[in-house]
Amino acid sequence: MGSTRRRAIVIGAGIVGVCSAIELNRRGWSVTLVDRLDPGEGCSYGNAGILAAQAVVPVAMPGIEREAPSMLLDPESPLVIRWASLPWTARWLWNFRKAANAERLPAAADGMKALFGTTVELHEALARDAGVPDLVRPTRYLYVARDPAKLDVENGLSWRLRRERGAEIEVLDGEDLYAAEPELTREYKRGVRLGPIGYTTNPFRLTQSYARLFQREGGRVVKAEVRALRPAGAVTGLETSAGQMAAESIVVAAGSWSMTLLRPLGLTLPLIAERGYHVTFADPGITLNHVISEAERHFAVTSMEMGLRVAGTEELGLADDKPAWRRADVLERQARAMFPRARLADGKRWMGPRPGTPDSLPAIGAIPGHPNIFIAAGHGHLGLTGGPNTGRIVASLASGERLNMDLSPFAPDRYGSRSAQTVEVALMPGRAG
Ligand SMILES: Cc1cc2nc3c(=O)[nH]c(=O)nc-3n(C[C@H](O)[C@H](O)[C@H](O)COP(=O)(O)OP(=O)(O)OC[C@H]3O[C@@H](n4cnc5c(N)ncnc54)[C@H](O)[C@@H]3O)c2cc1C
(Lines give C-alpha, C1' and ligand atoms only; values in the text may rest on other atoms or scores of the structure.)
Protein backbone atom coordinates (compact mmCIF):
# COMPACT_ATOMS: atom_id res chain seq x y z
CA MET A 1 0.00 0.00 0.00
CA GLY A 2 1.31 3.48 -0.85
CA SER A 3 1.99 6.01 1.87
CA THR A 4 -0.59 8.76 2.41
CA ARG A 5 1.94 11.02 4.10
CA ARG A 6 2.78 14.27 2.35
CA ARG A 7 6.04 14.02 0.43
CA ALA A 8 9.00 16.34 0.83
CA ILE A 9 12.23 16.28 -1.14
CA VAL A 10 15.36 17.95 0.20
CA ILE A 11 18.01 18.70 -2.44
CA GLY A 12 21.52 18.69 -0.98
CA ALA A 13 22.88 16.44 1.77
CA GLY A 14 25.25 18.93 3.36
CA ILE A 15 24.77 19.86 6.99
CA VAL A 16 21.86 22.19 6.13
CA GLY A 17 19.99 19.66 3.98
CA VAL A 18 20.54 16.76 6.38
CA CYS A 19 19.23 18.79 9.34
CA SER A 20 16.25 19.94 7.24
CA ALA A 21 15.47 16.34 6.26
CA ILE A 22 15.58 15.16 9.89
CA GLU A 23 13.24 17.94 10.99
CA LEU A 24 10.74 17.38 8.16
CA ASN A 25 10.71 13.65 8.86
CA ARG A 26 10.07 14.29 12.54
CA ARG A 27 7.08 16.43 11.55
CA GLY A 28 5.45 13.52 9.75
CA TRP A 29 6.53 14.12 6.15
CA SER A 30 7.69 11.29 3.92
CA VAL A 31 11.15 12.67 3.12
CA THR A 32 13.67 11.93 0.37
CA LEU A 33 17.11 13.51 0.59
CA VAL A 34 18.80 13.77 -2.82
CA ASP A 35 22.45 14.50 -3.50
CA ARG A 36 24.80 13.68 -6.36
CA LEU A 37 27.47 12.94 -3.71
CA ASP A 38 27.35 11.01 -0.46
CA PRO A 39 26.10 13.03 2.53
CA GLY A 40 28.59 15.60 3.79
CA GLU A 41 30.93 15.53 0.78
CA GLY A 42 30.21 19.12 -0.30
CA CYS A 43 31.35 22.18 1.63
CA SER A 44 30.32 20.51 4.91
CA TYR A 45 33.19 18.05 4.56
CA GLY A 46 36.12 20.15 5.64
CA ASN A 47 35.15 23.14 7.72
CA ALA A 48 36.89 24.30 10.89
CA GLY A 49 34.26 22.60 13.06
CA ILE A 50 33.34 25.69 15.07
CA LEU A 51 29.84 25.97 16.53
CA ALA A 52 29.97 29.73 16.71
CA ALA A 53 27.19 30.49 19.17
CA GLN A 54 28.47 34.06 19.57
CA ALA A 55 28.64 34.82 15.83
CA VAL A 56 26.83 38.14 15.42
CA VAL A 57 29.29 40.04 13.21
CA PRO A 58 28.75 39.98 9.42
CA VAL A 59 31.78 39.93 7.11
CA ALA A 60 30.70 43.22 5.51
CA MET A 61 31.58 45.65 8.30
CA PRO A 62 31.91 49.42 7.94
CA GLY A 63 35.50 50.26 6.89
CA ILE A 64 35.95 47.09 4.80
CA GLU A 65 36.28 49.27 1.67
CA ARG A 66 39.42 50.85 3.18
CA GLU A 67 40.95 47.49 4.17
CA ALA A 68 40.05 45.46 1.08
CA PRO A 69 42.31 47.11 -1.59
CA SER A 70 45.55 46.47 0.34
CA MET A 71 44.38 42.94 1.18
CA LEU A 72 43.81 42.22 -2.50
CA LEU A 73 47.37 43.28 -3.32
CA ASP A 74 48.98 41.15 -0.58
CA PRO A 75 49.80 37.60 -1.79
CA GLU A 76 49.59 36.25 1.80
CA SER A 77 46.22 37.89 2.45
CA PRO A 78 43.11 35.83 3.17
CA LEU A 79 40.99 37.80 0.66
CA VAL A 80 41.22 36.88 -3.04
CA ILE A 81 38.99 37.73 -6.00
CA ARG A 82 39.13 35.38 -8.96
CA TRP A 83 38.95 38.06 -11.62
CA ALA A 84 37.85 35.62 -14.34
CA SER A 85 34.65 35.07 -12.31
CA LEU A 86 33.85 38.79 -12.14
CA PRO A 87 30.87 38.63 -14.52
CA TRP A 88 29.22 36.30 -11.95
CA THR A 89 30.46 37.97 -8.78
CA ALA A 90 30.13 41.70 -9.64
CA ARG A 91 26.54 42.00 -8.39
CA TRP A 92 27.51 40.23 -5.16
CA LEU A 93 30.44 42.62 -4.66
CA TRP A 94 28.23 45.64 -5.26
CA ASN A 95 25.73 44.42 -2.65
CA PHE A 96 28.54 43.48 -0.26
CA ARG A 97 29.80 47.08 -0.39
CA LYS A 98 26.25 48.30 0.31
CA ALA A 99 25.87 45.86 3.23
CA ALA A 100 28.94 47.32 4.98
CA ASN A 101 26.78 49.95 6.58
CA ALA A 102 26.53 50.76 10.31
CA GLU A 103 22.77 51.36 10.20
CA ARG A 104 21.90 47.79 9.25
CA LEU A 105 24.26 46.21 11.76
CA PRO A 106 22.03 45.84 14.85
CA ALA A 107 19.27 44.08 12.85
CA ALA A 108 21.81 41.80 11.14
CA ALA A 109 23.47 40.98 14.48
CA ASP A 110 20.08 40.21 16.08
CA GLY A 111 19.18 37.94 13.17
CA MET A 112 22.49 36.10 13.51
CA LYS A 113 22.04 35.71 17.26
CA ALA A 114 18.54 34.28 16.77
CA LEU A 115 19.77 31.78 14.17
CA PHE A 116 23.13 30.77 15.64
CA GLY A 117 22.83 31.34 19.41
CA THR A 118 21.41 27.89 20.20
CA THR A 119 23.79 25.90 17.99
CA VAL A 120 25.63 24.04 20.74
CA GLU A 121 22.46 22.73 22.43
CA LEU A 122 20.90 21.77 19.09
CA HIS A 123 24.02 19.94 17.88
CA GLU A 124 24.43 18.23 21.26
CA ALA A 125 20.87 16.88 21.03
CA LEU A 126 21.31 15.68 17.43
CA ALA A 127 24.70 14.11 18.15
CA ARG A 128 23.19 12.28 21.13
CA ASP A 129 20.31 10.99 18.99
CA ALA A 130 22.79 9.98 16.29
CA GLY A 131 24.86 8.01 18.82
CA VAL A 132 27.95 10.25 18.47
CA PRO A 133 27.78 12.54 21.52
CA ASP A 134 31.61 12.78 21.66
CA LEU A 135 31.73 14.60 18.33
CA VAL A 136 30.28 17.80 19.86
CA ARG A 137 32.14 19.56 22.66
CA PRO A 138 31.96 22.85 24.53
CA THR A 139 34.91 25.23 24.15
CA ARG A 140 35.89 28.88 23.85
CA TYR A 141 37.41 30.87 21.03
CA LEU A 142 40.85 32.37 21.49
CA TYR A 143 41.45 35.28 19.11
CA VAL A 144 45.15 36.07 18.87
CA ALA A 145 47.08 39.01 17.39
CA ARG A 146 50.69 40.10 17.17
CA ASP A 147 49.55 43.72 17.31
CA PRO A 148 47.32 44.26 20.39
CA ALA A 149 45.57 47.17 18.61
CA LYS A 150 43.97 44.59 16.29
CA LEU A 151 42.04 43.25 19.27
CA ASP A 152 40.71 46.47 20.74
CA VAL A 153 37.83 45.03 22.74
CA GLU A 154 37.09 48.37 24.45
CA ASN A 155 36.47 50.40 21.30
CA GLY A 156 35.95 47.92 18.47
CA LEU A 157 32.47 47.86 16.98
CA SER A 158 32.48 44.07 16.47
CA TRP A 159 33.27 43.50 20.15
CA ARG A 160 30.50 45.86 21.18
CA LEU A 161 28.02 43.90 19.02
CA ARG A 162 29.12 40.66 20.70
CA ARG A 163 29.12 42.06 24.24
CA GLU A 164 25.65 43.59 23.81
CA ARG A 165 24.37 40.13 22.83
CA GLY A 166 25.68 38.30 25.87
CA ALA A 167 29.17 37.07 24.89
CA GLU A 168 31.72 36.57 27.67
CA ILE A 169 34.93 38.37 26.67
CA GLU A 170 38.26 38.16 28.47
CA VAL A 171 41.55 39.82 27.46
CA LEU A 172 44.73 37.77 27.93
CA ASP A 173 47.98 39.69 27.47
CA GLY A 174 51.54 38.32 27.44
CA GLU A 175 52.13 35.50 29.94
CA ASP A 176 48.40 34.98 30.53
CA LEU A 177 48.04 34.22 26.84
CA TYR A 178 50.90 31.69 26.83
CA ALA A 179 49.56 30.04 29.98
CA ALA A 180 46.20 29.58 28.24
CA GLU A 181 47.74 28.21 25.01
CA PRO A 182 51.37 27.20 25.65
CA GLU A 183 52.23 26.15 22.08
CA LEU A 184 51.68 29.60 20.57
CA THR A 185 54.70 31.50 19.31
CA ARG A 186 55.70 34.31 21.66
CA GLU A 187 55.20 36.73 18.74
CA TYR A 188 51.53 36.92 19.70
CA LYS A 189 51.05 39.68 22.23
CA ARG A 190 47.33 39.64 22.89
CA GLY A 191 44.57 37.06 23.12
CA VAL A 192 40.86 37.55 23.60
CA ARG A 193 38.86 34.64 24.91
CA LEU A 194 35.25 34.55 23.77
CA GLY A 195 32.52 32.13 24.69
CA PRO A 196 30.73 30.01 25.38
CA ILE A 197 30.84 28.21 22.02
CA GLY A 198 31.32 24.61 20.86
CA TYR A 199 33.13 22.61 18.21
CA THR A 200 33.01 19.27 16.49
CA THR A 201 36.07 17.07 16.26
CA ASN A 202 34.99 15.86 12.79
CA PRO A 203 32.45 17.82 10.69
CA PHE A 204 32.29 15.15 7.97
CA ARG A 205 31.61 12.29 10.37
CA LEU A 206 29.06 14.49 12.14
CA THR A 207 27.09 15.16 8.93
CA GLN A 208 27.27 11.50 7.94
CA SER A 209 26.06 10.43 11.41
CA TYR A 210 23.11 12.82 11.13
CA ALA A 211 22.28 11.37 7.69
CA ARG A 212 22.29 7.86 9.16
CA LEU A 213 20.03 9.08 11.98
CA PHE A 214 17.64 10.42 9.32
CA GLN A 215 17.61 7.00 7.64
CA ARG A 216 17.13 5.16 10.95
CA GLU A 217 14.12 7.38 11.62
CA GLY A 218 12.59 6.34 8.27
CA GLY A 219 14.01 8.85 5.75
CA ARG A 220 15.30 7.88 2.30
CA VAL A 221 18.60 8.98 0.75
CA VAL A 222 18.94 8.93 -3.06
CA LYS A 223 22.21 9.56 -4.90
CA ALA A 224 21.27 11.58 -7.99
CA GLU A 225 21.88 14.91 -9.67
CA VAL A 226 18.82 17.19 -9.77
CA ARG A 227 18.70 18.94 -13.16
CA ALA A 228 15.53 21.03 -12.96
CA LEU A 229 12.46 21.82 -10.88
CA ARG A 230 9.08 21.76 -12.62
CA PRO A 231 6.41 23.34 -10.41
CA ALA A 232 2.87 22.33 -11.34
CA GLY A 233 0.33 23.52 -8.79
CA ALA A 234 0.54 21.76 -5.45
CA VAL A 235 3.12 19.25 -6.66
CA THR A 236 6.62 19.99 -7.95
CA GLY A 237 8.34 17.62 -10.34
CA LEU A 238 12.08 17.06 -10.35
CA GLU A 239 14.17 15.98 -13.31
CA THR A 240 17.07 13.98 -11.96
CA SER A 241 19.80 11.69 -13.21
CA ALA A 242 17.83 8.86 -11.57
CA GLY A 243 14.57 9.76 -13.33
CA GLN A 244 11.52 11.85 -12.45
CA MET A 245 10.55 12.56 -8.85
CA ALA A 246 7.74 14.63 -7.35
CA ALA A 247 6.71 16.02 -3.96
CA GLU A 248 4.34 18.47 -2.31
CA SER A 249 7.25 20.36 -0.69
CA ILE A 250 10.78 20.94 -1.96
CA VAL A 251 13.69 22.29 0.08
CA VAL A 252 16.66 23.46 -1.96
CA ALA A 253 19.66 23.15 0.36
CA ALA A 254 22.18 22.76 -2.42
CA GLY A 255 24.75 25.12 -0.89
CA SER A 256 26.71 27.16 -3.46
CA TRP A 257 24.88 25.43 -6.31
CA SER A 258 21.36 26.37 -5.12
CA MET A 259 20.78 29.17 -7.60
CA THR A 260 21.33 26.87 -10.59
CA LEU A 261 17.98 25.33 -9.67
CA LEU A 262 16.22 28.47 -8.42
CA ARG A 263 17.24 31.16 -10.91
CA PRO A 264 14.98 29.66 -13.62
CA LEU A 265 12.06 30.10 -11.19
CA GLY A 266 12.70 33.86 -10.87
CA LEU A 267 14.79 34.12 -7.69
CA THR A 268 17.69 36.56 -8.12
CA LEU A 269 19.53 36.09 -4.81
CA PRO A 270 23.24 36.94 -5.22
CA LEU A 271 24.75 33.70 -3.93
CA ILE A 272 28.36 32.97 -4.81
CA ALA A 273 31.12 30.66 -3.65
CA GLU A 274 33.29 32.09 -0.89
CA ARG A 275 35.90 29.43 -1.39
CA GLY A 276 37.93 28.37 1.61
CA TYR A 277 40.82 25.95 2.15
CA HIS A 278 42.06 23.70 4.89
CA VAL A 279 45.22 21.80 5.65
CA THR A 280 45.00 19.00 8.22
CA PHE A 281 48.18 17.69 9.87
CA ALA A 282 47.72 14.11 11.08
CA ASP A 283 50.42 13.99 13.74
CA PRO A 284 51.06 17.52 15.04
CA GLY A 285 52.29 16.50 18.50
CA ILE A 286 50.21 19.26 20.10
CA THR A 287 46.58 19.63 21.24
CA LEU A 288 44.95 23.00 21.68
CA ASN A 289 42.90 24.12 24.67
CA HIS A 290 40.72 26.40 22.53
CA VAL A 291 39.62 26.94 18.98
CA ILE A 292 42.08 29.59 17.80
CA SER A 293 41.22 32.45 15.47
CA GLU A 294 44.07 34.49 14.00
CA ALA A 295 42.80 38.05 14.04
CA GLU A 296 45.27 39.54 11.54
CA ARG A 297 45.44 36.79 8.92
CA HIS A 298 41.90 35.53 9.52
CA PHE A 299 42.31 31.78 9.81
CA ALA A 300 41.16 29.28 12.40
CA VAL A 301 42.94 26.33 13.99
CA THR A 302 41.07 23.42 15.57
CA SER A 303 42.25 20.19 17.21
CA MET A 304 40.28 17.40 15.53
CA GLU A 305 40.27 13.62 15.68
CA MET A 306 42.11 13.69 12.32
CA GLY A 307 44.84 15.99 13.68
CA LEU A 308 45.34 19.76 13.68
CA ARG A 309 43.26 21.59 11.08
CA VAL A 310 44.11 25.09 9.86
CA ALA A 311 41.29 26.58 7.82
CA GLY A 312 40.61 29.91 6.18
CA THR A 313 40.79 32.10 3.05
CA GLU A 314 38.02 34.00 1.33
CA GLU A 315 38.39 33.40 -2.42
CA LEU A 316 35.42 34.87 -4.24
CA GLY A 317 34.50 32.93 -7.35
CA LEU A 318 32.62 29.95 -8.67
CA ALA A 319 32.11 26.72 -6.76
CA ASP A 320 33.47 24.44 -9.48
CA ASP A 321 36.61 26.38 -10.45
CA LYS A 322 39.82 24.44 -9.86
CA PRO A 323 41.39 24.92 -6.42
CA ALA A 324 44.33 27.34 -6.25
CA TRP A 325 46.55 25.28 -3.95
CA ARG A 326 48.92 28.17 -3.31
CA ARG A 327 46.17 29.40 -0.95
CA ALA A 328 46.69 26.24 1.11
CA ASP A 329 50.47 26.82 1.01
CA VAL A 330 49.86 30.20 2.64
CA LEU A 331 47.79 28.59 5.42
CA GLU A 332 50.49 25.98 5.96
CA ARG A 333 53.21 28.63 6.34
CA GLN A 334 51.07 30.66 8.72
CA ALA A 335 50.34 27.60 10.88
CA ARG A 336 54.07 26.79 11.14
CA ALA A 337 54.81 30.35 12.23
CA MET A 338 52.03 30.15 14.83
CA PHE A 339 53.18 26.85 16.40
CA PRO A 340 56.98 26.61 16.03
CA ARG A 341 57.26 23.39 18.11
CA ALA A 342 54.49 21.45 16.35
CA ARG A 343 55.12 18.72 13.73
CA LEU A 344 53.30 20.27 10.78
CA ALA A 345 54.33 18.03 7.88
CA ASP A 346 52.46 16.19 5.09
CA GLY A 347 49.30 18.22 5.49
CA LYS A 348 46.17 17.02 3.70
CA ARG A 349 44.64 19.83 1.63
CA TRP A 350 41.08 20.59 0.72
CA MET A 351 39.01 23.38 -0.86
CA GLY A 352 35.30 23.94 -0.19
CA PRO A 353 32.83 26.50 -1.59
CA ARG A 354 31.04 28.36 1.21
CA PRO A 355 27.60 29.42 -0.09
CA GLY A 356 27.84 33.16 0.57
CA THR A 357 25.43 36.08 0.42
CA PRO A 358 26.61 39.72 0.54
CA ASP A 359 25.09 40.36 4.00
CA SER A 360 26.37 37.08 5.59
CA LEU A 361 22.79 35.94 6.25
CA PRO A 362 21.34 32.81 4.66
CA ALA A 363 18.11 32.74 2.69
CA ILE A 364 15.48 30.67 4.48
CA GLY A 365 11.89 30.55 3.27
CA ALA A 366 9.56 30.00 0.35
CA ILE A 367 10.61 31.57 -2.92
CA PRO A 368 8.30 34.21 -4.44
CA GLY A 369 5.41 32.77 -6.39
CA HIS A 370 6.13 29.20 -5.23
CA PRO A 371 4.77 28.67 -1.70
CA ASN A 372 5.88 25.01 -1.63
CA ILE A 373 9.45 25.50 -2.82
CA PHE A 374 11.86 26.60 -0.09
CA ILE A 375 15.46 27.70 -0.09
CA ALA A 376 17.75 26.98 2.87
CA ALA A 377 21.17 28.15 1.67
CA GLY A 378 23.73 30.92 1.90
CA HIS A 379 25.19 30.36 5.38
CA GLY A 380 28.69 31.41 4.26
CA HIS A 381 31.18 30.97 7.10
CA LEU A 382 28.52 29.63 9.48
CA GLY A 383 26.69 26.72 7.86
CA LEU A 384 27.78 24.12 10.39
CA THR A 385 26.70 26.51 13.13
CA GLY A 386 23.35 27.33 11.52
CA GLY A 387 22.39 23.92 10.10
CA PRO A 388 20.24 22.57 12.95
CA ASN A 389 18.22 25.75 13.52
CA THR A 390 17.77 26.29 9.77
CA GLY A 391 16.40 22.74 9.53
CA ARG A 392 13.88 23.48 12.26
CA ILE A 393 12.83 26.76 10.66
CA VAL A 394 12.35 25.44 7.14
CA ALA A 395 10.55 22.31 8.37
CA SER A 396 8.22 24.48 10.47
CA LEU A 397 7.49 26.75 7.50
CA ALA A 398 6.74 23.80 5.23
CA SER A 399 4.46 22.33 7.89
CA GLY A 400 2.54 25.58 8.40
CA GLU A 401 3.71 26.00 12.02
CA ARG A 402 3.88 29.46 13.55
CA LEU A 403 7.40 30.58 14.39
CA ASN A 404 8.22 32.91 17.22
CA MET A 405 11.10 34.50 15.30
CA ASP A 406 11.57 37.43 12.93
CA LEU A 407 12.49 35.81 9.61
CA SER A 408 12.73 39.07 7.62
CA PRO A 409 16.59 39.16 7.74
CA PHE A 410 16.57 35.81 5.91
CA ALA A 411 13.93 36.66 3.28
CA PRO A 412 14.94 34.87 0.04
CA ASP A 413 13.72 37.85 -2.04
CA ARG A 414 15.48 40.59 -0.06
CA TYR A 415 17.57 41.35 -3.15
CA GLY A 416 14.47 41.22 -5.36
CA SER A 417 13.10 38.55 -7.63
CA ARG A 418 12.12 38.74 -11.26
CA SER A 419 8.39 38.69 -10.52
CA ALA A 420 8.76 41.21 -7.64
CA GLN A 421 10.79 43.58 -9.84
CA THR A 422 8.07 43.55 -12.48
CA VAL A 423 5.48 44.51 -9.86
CA GLU A 424 7.72 47.26 -8.45
CA VAL A 425 8.24 48.90 -11.85
CA ALA A 426 4.53 48.74 -12.63
CA LEU A 427 3.71 50.52 -9.35
CA MET A 428 6.28 53.33 -9.66
CA PRO A 429 4.59 56.70 -10.35
CA GLY A 430 5.16 57.83 -13.90
CA ARG A 431 6.49 54.42 -14.96
CA ALA A 432 3.30 52.42 -15.30
CA GLY A 433 2.40 52.05 -18.93
C1 LIG B 1 37.56 26.43 5.08
C2 LIG B 1 36.17 26.50 5.66
C3 LIG B 1 36.01 26.58 7.03
C4 LIG B 1 34.71 26.67 7.57
N5 LIG B 1 34.55 26.68 8.94
C6 LIG B 1 33.32 26.72 9.48
C7 LIG B 1 33.13 26.65 10.87
O8 LIG B 1 34.10 26.51 11.62
N9 LIG B 1 31.87 26.74 11.37
C10 LIG B 1 30.78 26.87 10.56
O11 LIG B 1 29.67 27.00 11.07
N12 LIG B 1 30.91 26.88 9.21
C13 LIG B 1 32.15 26.81 8.66
N14 LIG B 1 32.31 26.82 7.30
C15 LIG B 1 31.14 26.97 6.45
C16 LIG B 1 30.34 25.67 6.30
O17 LIG B 1 31.19 24.59 6.00
C18 LIG B 1 29.30 25.86 5.18
O19 LIG B 1 28.53 27.02 5.41
C20 LIG B 1 28.36 24.67 5.13
O21 LIG B 1 29.09 23.47 4.97
C22 LIG B 1 27.32 24.80 4.03
O23 LIG B 1 26.50 23.68 4.11
P24 LIG B 1 25.40 23.39 3.02
O25 LIG B 1 24.68 22.20 3.47
O26 LIG B 1 24.63 24.64 2.75
O27 LIG B 1 26.25 23.13 1.69
P28 LIG B 1 27.10 21.86 1.21
O29 LIG B 1 27.73 21.16 2.35
O30 LIG B 1 27.98 22.32 0.11
O31 LIG B 1 26.00 20.87 0.65
C32 LIG B 1 25.32 21.12 -0.55
C33 LIG B 1 25.11 19.79 -1.22
O34 LIG B 1 24.26 19.97 -2.34
C35 LIG B 1 24.63 19.05 -3.33
N36 LIG B 1 24.09 19.51 -4.61
C37 LIG B 1 24.25 20.74 -5.17
N38 LIG B 1 23.58 20.82 -6.32
C39 LIG B 1 22.97 19.62 -6.51
C40 LIG B 1 22.16 19.10 -7.53
N41 LIG B 1 21.79 19.83 -8.59
N42 LIG B 1 21.74 17.81 -7.43
C43 LIG B 1 22.08 17.05 -6.36
N44 LIG B 1 22.86 17.51 -5.37
C45 LIG B 1 23.30 18.77 -5.43
C46 LIG B 1 26.13 19.04 -3.26
O47 LIG B 1 26.67 17.85 -3.82
C48 LIG B 1 26.37 19.16 -1.76
O49 LIG B 1 26.57 17.91 -1.14
C50 LIG B 1 33.58 26.70 6.72
C51 LIG B 1 33.76 26.58 5.34
C52 LIG B 1 35.03 26.46 4.81
C53 LIG B 1 35.20 26.32 3.34
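The values are calculated or read from the model by the stated rules, or taken from the named source; none is laboratory data. Worth saying up front: this structure is predicted, and the values here are computed from it rather than measured. Counting neighbours? That spans all protein chains shown, and the Cβs are built from the backbone with ideal geometry, glycine included. Accessible surface is based on the protein model in full, side chains and every heavy atom, while ligands, DNA and RNA are left aside. Shrake-Rupley method; radii C 1.70, N 1.55, O 1.52, S 1.80 Å.
Observations on the structure shown:
- When nucleic acids and ligands are ignored and a 1.4 Å probe is applied, residue 83 ends up with an accessible area of around 150 Å².
- Taking 0.36 nm per residue of sequence separation and removing the Cα-Cα distance, the residue 150/residue 83 pair yields an extension gain of 21.2 nm.
- Each of 257, 218, 317 was scored by the projection of its Cα onto the charge dipole of the chain, and the greatest displacement toward the positive side belongs to 218; charges sit on the C-beta of Lys, Arg, Asp and Glu.
- Size of electric dipole in segment 111-189: Cβ of Lys, Arg +1 and of Asp, Glu -1, about Cα centre, debye, nearest 20: 340
- With all pairs of separate Cα atoms included, segment 7-421 yields a Kirkwood hydrodynamic radius of 21.6 Å.
- At R0 = 41 Å, FRET efficiency that the Cβ-Cβ distance of residue 97 and residue 134 yields, to 0.05: 0.40
- In segment 1-87, trypsin sites (Lys or Arg not before Pro) in a DSSP loop with at most 14 other beta-carbon atoms within 10 Å: 5
- GNM top mover of 273, 254, 324 - the chain, alpha-carbon springs below 10 Å: 324
- Segment 104-226: relative contact order as a whole-number percent, Cα under 8 Å and 6+ apart: 33
- Across 177, 37, the residue with the most accessible area heads the list, and the full order at a 1.4 Å probe is 37, 177.
- Here the spin labels are modelled as points 7 Å beyond Cα on the Cα-Cβ line, and at residue 179 and residue 73 they lie 4.3 nm apart.
- Cα-based reach from residue 98 at 28 Å (exclusive), listing lysines while leaving out same-chain residues under 8 positions away: 113, 150
- Placing unit charges on the Cβ atoms only, positive for Lys and Arg and negative for Asp and Glu, gives segment 213-331 a dipole magnitude near 360 debye about its Cα centre.
- For residue 199, the residues whose amide H sits under 5 Å from its own are 51, 137, 139, ignoring neighbours fewer than 5 places away on the same chain, with H placed 1.01 Å from N.
- Length-normalised contact order of the chain in % [C-alpha pairs under 8 Å, at least 6 apart]: 25
- Taking every protein chain into account, the accessible area of the chain amounts to 43 square angstrom per residue (probe 1.4 Å).
- For segment 136-159 and segment 325-377, distance of Cα centres in Å: 20
- Once backbone amide H atoms are built at 1.01 Å from N, residue 268 has 418 as its partners under 5 Å, excluding neighbours fewer than 5 places away on the same chain.
- Comparing 398, 55, 90 in a Gaussian network model of the chain where C-alpha atoms under 10 Å apart are linked, the largest mean-square fluctuation is found at 90.
- Relative contact order %, segment 1-54, counting alpha carbon pairs below 8 Å whose residues are six or more apart: 38
- Charge sum, other residues only, whose C-beta stays under 13 Å from residue 8's C-beta, Lys/Arg counted +1 and Asp/Glu -1: +4
- Estimated from the Cβ-Cβ distance and a Förster radius of 56 angstrom, the FRET efficiency linking residue 224 and residue 333 is about 0.85.
- Assigned charges on the beta-carbon of Lys, Arg, Asp, Glu; the chain dipole about Cα centre (debye): 1000
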